[in-house]
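The values are calculated or read from the model by the stated rules, or taken from the named source; none is laboratory data. A quick note: this is a predicted structure, and the numbers were derived from the prediction, not measured. All Cβ positions, glycine included, derive from the backbone under ideal geometry; neighbour counts span all protein chains shown. In case anyone asks, the SASA skips ligands and DNA or RNA and just uses the protein heavy atoms, side chains included. Shrake-Rupley method; radii C 1.70, N 1.55, O 1.52, S 1.80 Å.
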Amino acid sequence: MHSAALVADAWNDTMDTVSATAALISVLLALDDPARFLDADRYGGFVVGLIVIVTGLRVSRDTAMQLIDTMPDERLMTQIRRAAATVPGVKGVEKCFARKTGLRYHVDLHLEVDPELTVRQSHNIAHEVRQSILQQLDWVADVLVHVEPAP
């Protein structure tokens with residue numbers, strides 16, 4: 001998964017390039033025909049300011065969403081469920097939650113198994129599910145598996 005800090009830094013570099021380009025174009029226009037392009041620098045600065053504000057709000061929103069434990073997108077949640085379903089004995093996934101910590105996710109999974117299994121058998125299935133998810137999905141840091149009887 002990508003780092004919010006690296007994304008913010010990339011946008012910062014992009015804004016430096018955009019503002020430098022806008023300033024260069026504004027100055028060149030003003031030098032070429034001062035009477036016609038007297039306000040070019042002002043308009044260029046205004047456009048760059050708008051771009052910086054919109055980009056800043058977007059980066060702030062994305063960062064805030066990570067800080068409040070927003071669930072990952074449905075594509076990633078589907079990958080978790082599929083990895084769990086590959087283990088023999090899994091009847092279904094009742095609930096699945098994930099939260100981001102650093103660059104990886106911590107997963108809480110409610111696993112459905114045959115209610116007639118022993119505690120040891122259910123525990124073994126849960127352990128295999130945890131290992132399966134960790135092996136298949138390198139963006140998952142840890143998995144907590146809770147066992148539920150299948151309906």
Qualifying residue in region 88-101 (condition: more than 29 Å from GLN66 (Cα to Cα), loosely packed, with under 15 Cβ neighbours inside 10 Å and at pLDDT 95 or above): yes
Hits in region 102-128 - residues which are touching a Gly at 6+ places or on another chain (Cβ under 9 Å) and farther than 15 Å from PRO149 by Cα: GLU128
Selection count where residues are part of a loop (DSSP other than H, G, I, E, B), at pLDDT below 80 and either open to solvent by 60 Å² or more (accessible area, probe 1.4 Å) or closer than 16 Å to VAL143 by Cα (or both), scope region 63-83: 2
Selection from region 113-147 of residues that are assigned to a strand (DSSP E or B) and closer than 22 Å to PRO72 by Cβ: VAL140, ALA141, ASP142, VAL143, LEU144, VAL145, HIS146
Residue within region 102-111 that is in contact (Cβ under 8 Å) with a residue 24 or more places away in the chain, closer than 26 Å to ALA64 by Cβ, surrounded by 13 or more Cβ atoms within 10 Å (Cβ to Cβ) and among the hydroxyl-bearing types (Ser, Thr, Tyr) present: yes
Residue, nearest to THR86 (Cα to Cα), within region 112-151, restricted to residues that are surrounded by 14 or more Cβ atoms within 10 Å (Cβ to Cβ) and touching a His at 6+ places or on another chain (Cβ under 6 Å): GLU148
Scope region 1-32; condition open to solvent by 50 Å² or more (accessible area, probe 1.4 Å) and either in contact with a His (Cβ under 8 Å, 6 or more places away or on another chain) or not aliphatic (A, V, I, L, M) (or both); matching residues: HIS2, ASP9, TRP11, ASN12, ASP13, THR14, ASP16, THR17, THR21, ASP32
